[in-house]
Amino acid sequence: MKNMKPFIALASFLFAVTLLIPALLVLPYKNGETDGKLGEQLQQAPKNEAIGKGADPAVEVAVYRTNKKEIEKLPLDKYLEGVVAAEMPAEFEKEALKAQALTARTYIVNQLLNKDKKGLPKGAQVSDTGQIHQEYKSDDELKRIWGSDYSWKKKKIAEAVKATGGQILTYNGRAIDASFFSTSNGFTENSEDYWQHAFPYLRSVESPWDKKSPKYKSQLSVSVADFEKKLGVKIGNSKTIGVIKGRTAGNRIGKVDFNGKILTGKQIREQLGLRSSDFSWERRGNEIFITTRGFGHGVGMSQYGANGMAAEGKTYEDIVKYYYQGVAISPADSMLATITAGK
């Protein structure tokens with residue numbers, strides 16, 4: 001029996017260790033809370049770091065600079081910084097800038113995958129104008145525009161791009177048409193009410209934050225002669241200027257009947273150069289005074305709406321999923337790998 005004591009002591013020691021280790025492992029999570037260094041790290045993890053975020057891969061974007069008539073090639077992340085800086089005021093809330101970065105990345109991924117490069121010179125993948133693609137400005141241009149504010153504005157935008165790194169918006173696994181605009185009339189527009197195609201994620205939603213936008217309401221006057229010439233209609237001496245034939249889901253003008261000639265709100269907006277297709281008018285002598293509400297086509301994400309949501313504490317995920325119905329935030333790796341492999 002004397003020789004068994006060392007074995008009994010060893011067995012007792014091992015038994016104690018097996019009891020102690022699980023207790024040490026669960027210690028940071030006692031009572032459903034965290035403590036210690038591990039607990040601090042978990043508590044400090046940002047809320048919106050959870051969705052597959054990573055760095056933008058080494059994809060090069062060839063931008064056609066329309067004024068210089070030359071092609072500028074630059075890394076994807078630098079291109080996105082130039083787009084966000086050109087498309088949204090740097091003074092906007094960080095979460096709004098992140099939402100803009102996400103739409104910009106989604107747009108360019110779609111554009112890079114698209115083999116149709118109509119209107120672009122050979123070797124270019126996208127232009128630098130918002131009328132055709134996305135507006136883009138280089139660092140040199142931003143330095144001239146921003147002056148002494150360049151450093152903090154550039155840093156803020158670069159952080160927004162990095163915070164959404166490697167992410168795009170998808171619907172049923174495909175990158176969406178992430179359209180956006182400045183200011184709504186209080187509602188966004190169904191895509192088919194302004195363009196030809198109906199997209200399930202581009203549905204009309206309320207956007208009350210836009211009413212605080214400096215671009216929400218505007219007025220201009222047009223002579224009766226110019227009005228008739230631009231629209232190809234005749235109103236003569238009548239005080240009645242066409243008859244509205246319905247409104248869209250976003251409460252914009254659907255169609256207007258000018259003595260048998262029917263024009264859509266979009267056609268009137270574009271031919272008269274109006275800020276929005278939500279308009280009203282009044283004749284005063286030989287002038288027609290037009291009031292518009294909103295600024296832009298109204299389809300997709302409202303930039304001032306996004307900023308209003310961010311000011312109320314909403315994250316960029318909240319913002320994009322509100323304006324783009326039913327979408328997911330997905331890693332862009334596989335799509336960008338396709339672009340790289342195709343070169």
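Computed from the coordinates by the stated procedures, all read-outs in this text should not be read as laboratory data. Source: prediction; values computed, not measured. No Cβ is skipped: glycine too gets one built from the backbone with ideal geometry, and neighbour counts run over all protein chains shown.
Of LYS73/LYS266; LYS78/LYS212; LYS94/LYS321, which sit over 25 Å apart, Cα to Cα?
Details: LYS73/LYS266 35 Å; LYS78/LYS212 32 Å; LYS94/LYS321 17 Å.
Pairs exceeding 25 Å: LYS73/LYS266; LYS78/LYS212.
Among the GluC sites (Glu not before Pro) in the range 91-143, those placed in a DSSP loop whose Cβ has at most 12 other Cβ atoms within 10 Å are GLU91. Each residue, GLN131 and ILE262, gets one label point 7 Å from its Cα in the Cβ direction; the gap between the two is 3.0 nm.
Multiplying the sequence separation of ALA55 and LYS115 by 0.36 nm and subtracting their Cα-Cα distance, what value in nm do you get?
Working: separation 60, 0.36 × 60 = 21.60 nm, distance 2.52 nm.
Between ALA55 and LYS115, full extension yields 19.1 nm more.
In summary, the aspartates and glutamates within cross-link reach of LYS122, defined as a Cα separation below 13 angstrom excluding same-chain residues under 8 places away, comprise GLU70, GLU72. Taking the Cα centre of the range 217-293 as origin and assigning +1 to Lys and Arg Cβ atoms and -1 to Asp and Glu Cβ atoms, the resulting dipole is close to 200 debye.
Does the range 208-343 classify as rounded, prolate or oblate by the C-alpha gyration tensor (a ≥ b ≥ c root eigenvalues; a/c under 1.5 gives rounded; else a/b over b/c gives prolate, otherwise oblate)? Prolate, since a/c reaches 1.5 and a/b exceeds b/c. For the range 96-138, the set of trypsin sites (Lys or Arg not before Pro) satisfying both a DSSP loop assignment and a count of at most 12 other C-beta atoms within 10 Å is given as LYS115, LYS118, LYS122. Quick one: check the C-alpha center-to-center distance for the range 251-328 versus the range 169-241, whole angstrom. Using only Cα atoms to place each centre, the spacing works out to 3 Å. Annotation note: trypsin sites (Lys or Arg not before Pro) in the range 163-236 located in DSSP loop regions with a Cβ neighbour count of at most 12 within 10 Å are LYS234.
Taking 35 Å as R0, compute the FRET efficiency from the Cβ-Cβ separation of SER238 and GLN325 and round it to 0.05.
Working: r = 42 Å, r/R0 = 1.20.
It comes to 0.25.
Assuming 0.36 nm per residue, please report the length gained on full extension of the stretch ILE145 to LYS230 beyond their Cα-Cα distance.
Numbers: separation 85, 0.36 × 85 = 30.60 nm, distance 3.45 nm.
Length difference between fully extended and current span is 27.1 nm.
Quick one: if the Förster radius is 25 Å, what FRET efficiency do GLU91 and LYS217 give, using the C-beta to C-beta distance and rounding to 0.05? It comes to 0.75.
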